[in-house]
Every structure is written in C-alpha cells, then in structure tokens.
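Chemist: Quick one: this structure, given as structure tokens, is what I'll be asking you about.
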Amino acid sequence: MTNILRYPLRNISPEKISDLQAKYPNASVQIELHETPVAGGLSEADFWALIDLLNWDQSGNDDAVIEPVVATLGKAPLRHIYDFKDMLSQKLYWLDTADHAQQIGEGAFDKGQDDFSADGFLFARCCAVANGKQAYEAILQNSLLMPKDKLFPPLLRIANEAHRRANGGVLRYVSVYSVETFSNRKGWESYPEFLN
C-alpha cells in the first residue's frame, strides 16, 4: 500500500524527519516542486564562470581539467550543485538535434548508417558546452560549428563529484532536462523513429 504524506517543505523540521524515519524506516521520499525557486540560486553568469574554470592546461588528465570547477562548486551551497546540474542538462538538451548530430565528425548521425553512438553524441555536446558561453551560443545557432571528433564526458561528473566532496554521498537528483540523445523531441522531429 502506498501512502502519500504532504508537508510544506518549510514545515519539515529535523524532528519531523526523525519521526517519519522511526515510523517508516524503509520508505523513500519524493519531493514535488510546484513553484519557481526563490532568488539565491546559481545564475547563468555563475554557470559560465564555473565552465571558464576548466583547466585546459591539464588536457589529457580529465580529473585535473575539471578539478577547479569541482572544488569551487563543492564549496558552494548545495542548491548551486543542483542548479549546475539543471543548467548543464538544459544546455545539452538544446543541442540534442539531428542537425547537430550530423556535424560531429566521424560517427556523425546518418539515418542509413549504424555507427552513430548516442553516448558519443552526448559527449560531443558536452565538449560544445565545455568550450564556454560564446562558443556554445554560436554552436546552438549554427550546427556546422559543432566540435568535430572531440568528446568531453567528464563534464557530466562535475555535479556528482562536487556533491560527494561537500556531503560525502552520492548525488541522487534528477535534472530538469534529460541529457540522453533523442530526448529533445523537437530536435529530432524529422526522425520520429529514433525518439525515446
């Protein structure tokens, strides 16, 4: 049997959580948000400032490249980690189009070929974001500018690593947008057979 308990988030005290844990030790919690968060979150400018911290002098050592971002985000309020993950998911989602997938170099999307990798395209989109705001916005407007044969999957680890350092645990948070290839229905409307 499923019971649904509703409490305004501002009314959930540590004591209330302890009471619920004692009464329902094996239950899981799901929070539904029905309003826009109040001010104080990570701004768009803050997001791009974090991306600008990527240390490309350490190319070849992905952990070292993302380290300045992980360290900075790990010292920020927890909400900023969630915001970073949401903003990154949004930017990756917007690049999830057939036009962009056709411009990634070897293994680019071609309906008649089998060598297209959905993960490879996700990692190419990560590279587009990792190149910074100016490059990203240009790529978003012109798919021909997509990085060719370049991937940067470590971008997806930043929020998780920052959360682990700050809170000692795994980040269990589903971002606002799906980053998976073929999630952007509008971006793939010419190829409905590939949509999730």
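Every number in this text was worked out from the coordinates using simple rules, so none of it is lab data. As the structure is a prediction and not an experimental result, all values here were calculated from the model. Cβ sites come from the backbone with ideal geometry, for glycine too, and all protein chains shown count toward neighbours.
Chemist: How big is the dipole moment of the chain about its Cα centre under a simple scheme where the beta carbon of each Lys and Arg is +1, that of each Asp and Glu is -1, and everything else is neutral? Debye, nearest 20, please. Can you show the working numbers first?
Modeler: Numbers: 19 positive and 26 negative charges, 170 e Å.
For this selection, approximately 820 debye.
Chemist: If you take the charge dipole of the chain about its Cα centre, with +1 on Lys and Arg Cβ and -1 on Asp and Glu Cβ, which of 27, 176, 188 is farthest toward its positive end?
Modeler: So the residue we want is 27.
Chemist: Using the Karplus curve 6.51 cos²θ - 1.76 cosθ + 1.60 with θ = phi - 60°, work out ³J(HN,Hα) for each residue of the stretch 136-146 in order, rounded to whole Hz, and write x for Gly and Pro.
Modeler: 4, 5, 5, 5, 4, 7, 9, 4, 5, 8, 3
Chemist: If one takes the longest principal axis of the Cα atoms in the chain, at what angle in degrees, from 0 to 90 and to the nearest 10, does the Cα axis of helix 14-23 lie?
Modeler: The angle comes out near 90 degrees.
Chemist: Right, next: What does the charge count near residue 92 come to, summing +1 for each Lys or Arg and -1 for each Asp or Glu among other residues with Cβ under 12 Å from its Cβ?
Modeler: Around residue 92, the charge tally is 0.
Chemist: If the limit is 29 Å between Cα atoms, which of 75/186; 85/148; 111/150; 23/75; 85/111; 111/148 go over it? Provide the component values of the computation, followed by the final result.
Modeler: On the way: 75/186 37 Å; 85/148 25 Å; 111/150 21 Å; 23/75 34 Å; 85/111 31 Å; 111/148 19 Å.
Flagged as over cut-off: 75/186; 23/75; 85/111.
Chemist: Same structure again: Given the options 107, 128, 54, identify the residue whose Cα lies farthest towards the positive end of the charge dipole of the chain (+1 on Cβ of Lys, Arg; -1 on Cβ of Asp, Glu).
Modeler: With unit charges placed on the Cβ atoms, the residue in question is 54.
Chemist: Work out which trypsin sites (Lys or Arg not before Pro) in the chain are exposed loop sites (DSSP not H, G, I, E or B, at most 11 other Cβ within 10 Å) and give the longest gap free of them. Don't skip to the end; give the middle numbers.
Modeler: Numbers: sites that count: 6, 75, 111, 172, 185.
It runs 7-74.
Chemist: Next up: Listing 4, 158, 51 from the residue with the fewest other Cβ atoms within 10 Å to the one with the most, what is the order? Display every interim value, and only then the final one.
Modeler: On the way: 4 6, 158 24, 51 21.
Starting with the residue having the fewest Cβ neighbours, the order is 4, 51, 158.
Chemist: Remind me, relative contact order of the chain in percent, using alpha carbon pairs under 8 angstrom and six or more residues apart?
Modeler: 23 percent
Chemist: Please give me the summed charge of the neighbours of residue 108: other residues whose Cβ is under 12 Å from its Cβ, Lys and Arg +1, Asp and Glu -1.
Modeler: -3
Chemist: Read phi for every residue in the stretch 152-165 and hand back ³J(HN,Hα) as whole Hz from Karplus 6.51 cos²θ - 1.76 cosθ + 1.60, θ = phi - 60°, with x for Gly and Pro.
Modeler: With coefficients 6.51, -1.76 and 1.60, one gets 8, x, x, 4, 5, 8, 4, 4, 5, 5, 4, 5, 4, 5 Hz.
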